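What follows is one structure encoded as structure tokens, with my remarks underneath.
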Amino acid sequence: MKADPIPLIYPFENPSLVAGLAAINATTPLFKTEAKHLETWFKEGVIARYMLVDDIRESWNREGLGAFFDLIFGEAKGCRLIASRRAGMEWSRLKGGEIPTYSVYAVDTAEALYAEECEENSPPARNLNKAAVSRDLAALELPMPEPVLPRYEAQKIYAMIHGLSAPETAPKKQTPERVTAVQSKAIVELLTAHGFTADDYKGTIPALQQKLTRKGLNGTLTSVDKNALTAWLKKAGVR
């Protein structure tokens with residue numbers, strides 16, 4: 001009987017690609033998932049590409065392009081993510097064949113991009129398809145921040161590489177006891193990148209849990225009990 005794969009532990013909602021891939025690979029898939037795989041799946045329409053609205057705004061303001069942000073992404077105000085998703089194919093005379101086309105949306109969550117009907121508390125995706133953004137965001141000749149990998153897309157990738165059913169709803173709470181040393185180290189590396197220090201790991205667990213909550217982590221880490229969190233830190237070698 002085939003053993004169940006190691007659960008995916010994804011502490012942040014929208015981490016960087018590097019952090020997201022580290023969490024996915026900590027589940028020991030059959031092959032190491034890399035950025036090139038994400039690029040292929042994006043072009044095939046399996047996943048979308050996301051950037052944080054605040055990151056784009058900050059990057060453009062730094063380059064003196066703040067006015068362009070309001071012009072192109074003005075409708076994205078109040079949303080968290082800009083998502084680029086394959087829409088179809090069109091003929092390119094220059095390329096001598098068909099090329100993919102993309103739609104660009106402003107969303108609060110990756111789930112909203114795929115939802116046909118949004119619930120009352122889930123704002124729908126706002127289609128931003130103007131002439132300026134009718135293609136892949138990465139193709140725009142403007143400074144763009146590093147994309148992020150939302151937890152919902154990471155779950156889809158996790159399901160795909162482990163041969164499981166794709167997620168339809170929010171992830172089930174994972175069993176803390178099954179977290180491996182590799183996963184524990186990946187979690188600590190991710191937390192460290194977001195401002196957690198050795199003092200946090202060696203301090204009291206309640207204080208650490210409070211900081212996890214303040215940082216806006218999902219329920220996987222903020223809801224585990226004291227013993228489980230202590231075990232994770234010990235497996236990672238930081239406590």
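Report yes if some residue within the range 12-23 is under 23 Å from residue 160 (Cα atoms) and β-branched (Val, Ile, Thr); otherwise report no. Yes - at least one qualifying residue is present in the range 12-23. Of the residues making up the range 122-169, those that are more than 19 Å from residue 41 (Cα to Cα) and modelled with pLDDT of 55 or more number 10. Report every pair of residues separated by at least 6 positions or lying on different chains whose Cβ atoms are under 8 Å apart, first residue within the range 75-94 and over 17 Å from residue 110 (Cα atoms), second loosely packed, with under 12 Cβ neighbours inside 10 Å and not aliphatic (A, V, I, L, M). If the second residue must be loosely packed, with under 12 Cβ neighbours inside 10 Å and not aliphatic (A, V, I, L, M), the pairs left are 89/98; 90/98; 91/97; 91/98; 92/98. Out of everything in the range 202-228 that is in contact with a Leu (Cβ under 8 Å, 6 or more places away or on another chain) and crowded, with 19+ Cβ neighbours inside 10 Å, what residue ends up being modelled with the lowest pLDDT? Only one residue tops the list, namely 221.
The values are calculated or read from the model by the stated rules, or taken from the named source; none is laboratory data. Everything numeric here is computed off the predicted structure, so don't read it as measured data. Methodologically, a virtual Cβ is constructed for each residue, glycine included, from the backbone with ideal geometry; neighbour enumeration extends over all protein chains shown.
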